[in-house]
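Asker: I'd like to ask you about the structure that follows.
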Amino acid sequence: MQGLFRSVMRLAKCQRGALPSIEFILLLFPVFIVTMSLIQQILIAQAVVTTEYAAYAAGRSALVHSCRPVPIMAPGESPIGTAKAIWGALNCDEPTTEDGSVPWETAARMALLPIAPSSLFSQERQGNCRYPEAAVEFIVRGPVGETLRDAVEQKACYVFEGANVSVDLDWVWTEAQVTLVQTLPPIRAEVTYHMPIYGPVAGLFSQGRRDDGTHFRIIKAEATLL
C-alpha cells in the first residue's frame, strides 16, 4: 500500500507530461461538442427520411379512408354524375378512432414509432399514455420481442402524445377546383414531427422547448399520391 502511495506521489510531482495534459484538457471539450453535433445531425437526417415515409403512409391511408373531394366537373363527366359525386361527398363521415384521431394520423404515428425516444419524459408529461394497445402488440409479437415491451410502450407513448405528430391533407386541384382527371385528384399529405433533442448540443439544434424543459426540433415532410 505504501509503495502504491509513493508511486502516485512521484507521478503527481512529475511535470514532464504537464503541457500535453493541459493541451488534452483544452481540446477535449470542443472535440466532444463536435462529435455530439455530428451524431445529432445523423439522427436528424434519419428523422427526415422516416418522416417522409410517414407522409407517404398517411397519404395512402387517406386515399382509402378519407371522404372524396367535391369536384365541380371532371373531363367527360356529365352534370348528373357530378351531382351524384357532390351528394356522396357531402354525406360522407370520416372514420375516427376511440381517442378522436383519424386513420391517416395513426398511420403516420406508427411509421414514426421506430425512431421515437424510449425515455420516460412523455409518460411523465401525460400521466397516462394514450396509445392503441394493438400498436404495441403488433410490434412486440413481431421481430422486437417481449423483452423490449417497455421500450416499445414508451415509444408509442411519445408518438401518440398530442402535437408530437400532426398530419395535414390537401387535395390537389386547379384554381377553379376542377380535377384534371376522371378519377380522384392527387392528394398531398404533410407530416410534422417534433423530434426530441437531448444532450449538451440541445441549444444548437432545438427549435422549441416544452414546459418540462425538454427540447424538440420540428421535422416536416410531404408526399403527393395519385
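The values are calculated or read from the model by the stated rules, or taken from the named source; none is laboratory data. Just so it is clear, the model here is predicted, and its values are computed rather than measured. Cβ atoms come from the backbone with ideal geometry, glycine included; neighbour counts cover every protein chain shown. In case anyone asks, the SASA skips ligands and DNA or RNA and just uses the protein heavy atoms, side chains included. Shrake-Rupley method; radii C 1.70, N 1.55, O 1.52, S 1.80 Å.
Asker: Sorted by accessible area with a 1.4 angstrom probe, largest first, how do Ile39, Ile33, Ile187 fall?
Answerer: Greatest to least solvent exposure: Ile39, Ile33, Ile187.
Asker: Rounded if a/c is under 1.5, else prolate if a/b beats b/c, else oblate: with a ≥ b ≥ c from the C-alpha gyration tensor eigenvalues square-rooted, which is the range 132-176?
Answerer: prolate
Asker: Put a dot 7 Å past each Cα toward the Cβ at Val64 and Val34; how far apart are the dots in nm?
Answerer: The two pseudo-label positions are separated by 4.9 nm.
Asker: Compute, for the range 134-174, the length of the dipole vector about the Cα centre, with Cβ point charges of +1 (Lys, Arg) and -1 (Asp, Glu) only. Units Debye, rounded to 20.
Answerer: Computed about the Cα centre, the dipole is about 140 debye.
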